[in-house]
Amino acid sequence: MTDTLRPLAAEALGTALLVATVVGSGIMADRLTDDVALALLGNTLPTGAMLVVLIMLLGPISGAHLNPVVSLVAALGGRLPWARLAPYVLAQLAGGVAGTILANLMFDLAPIALSTTPRSGVGQWLSEIVASFGLLLVILLGQRRPTDIPWAVGLYITAAYWFTASTSFANPAVTLARALSDTFAGIRPSDVLPFVAAQLVGGLLAYGLVRWLWVRVEAGSDSH
């Protein structure tokens, strides 16, 4: 039982800390400056840094997925038993909600306040497909150099904040949790499902591409 619960606790804790960082740094940045670009930078750097730390520390315990799309792709690739997929996702969702509540409370806000920030449209959805595609590509291709994955993921998300119109949510658990904070990092609840759908599409596209690339690479190696 302990061996079953330990990874779930790690996923919940990690997702909570990740979301608290995203939401909390967004609130802090928004309070410190009226410059939107500077505020976004103040939101970006803590998020990328926290991802590096969490993956380094929790990777040996649960794999540090912290993301339902990552867990789904891990199950598709045989790295996570299918029976553990739902518990992983539930732990991530619960952790994400807890992280938002924690961030809101730290800044003397209501524990839960539905966001009014609109994030809708083809550009936003395409951005989430691209952001999730890139994230899963980094994770899957990085399996051959696992010690580099924490840095690769953190740096990728730091960059993706700036080159995607959506600022790279790339995570259904984080997306849902951010709908519960009417602050800088929030997302209107009605925009959550299209974002999640786009994230799933991006993750599955990355999985399909990497499978094809690995087959091609292995076939090429065998021919020499």
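First obtain the Kirkwood hydrodynamic radius of region 13-135 from its Cα pairs, then insert it into the Stokes-Einstein equation at 20 °C and 1.002 mPa s, and state the resulting D in µm² per second as a whole number.
135 µm²/s
Over all distinct alpha-carbon pairs, what is the Kirkwood Rh of the chain in angstrom?
17.6 Å
What order do you get for L204, L51 when you list them from fewest to most C-beta neighbours inside 10 Å?
Result, fewest neighbours first: L204, L51.
So how long is each side of region 105-161 along the principal axes, counting just the alpha-carbon atoms, biggest first, in Å?
So the three principal-axis extents are 44, 33, 15 Å.
Any idea how far apart A86 and W162 come out in nm if each label point goes 7 Å out from Cα toward Cβ?
4.3 nm
Running a GNM on the chain with Cα contacts under 10 Å, which residue among D35, D182, D191 ends up with the highest mean-square fluctuation?
D35
If the chain between L32 and S120 were fully stretched, how many nm would it gain, using 0.36 nm times the residue separation less the Cα-Cα distance?
Extra length available between L32 and S120 comes to 29.0 nm.
Using Cα atoms only, what is the angle between the long axis of helix 85-106 and the major principal axis of the chain, expressed in degrees (0 to 90) to the nearest 10?
Compared with the principal axis, the helix lies near 30 degrees.
Using only Cα atoms, tell me the angle between helix 2-32 and the longest principal axis of the chain; keep it within 0 to 90° and round to the nearest 10.
With both axes taken from Cα atoms, the answer is about 40 degrees.
Every number here is computed from the coordinates shown, using simple stated rules; none is lab data. This is a predicted model, so every value here is computed, not measured. Cβ sites come from the backbone with ideal geometry, for glycine too, and all protein chains shown count toward neighbours.
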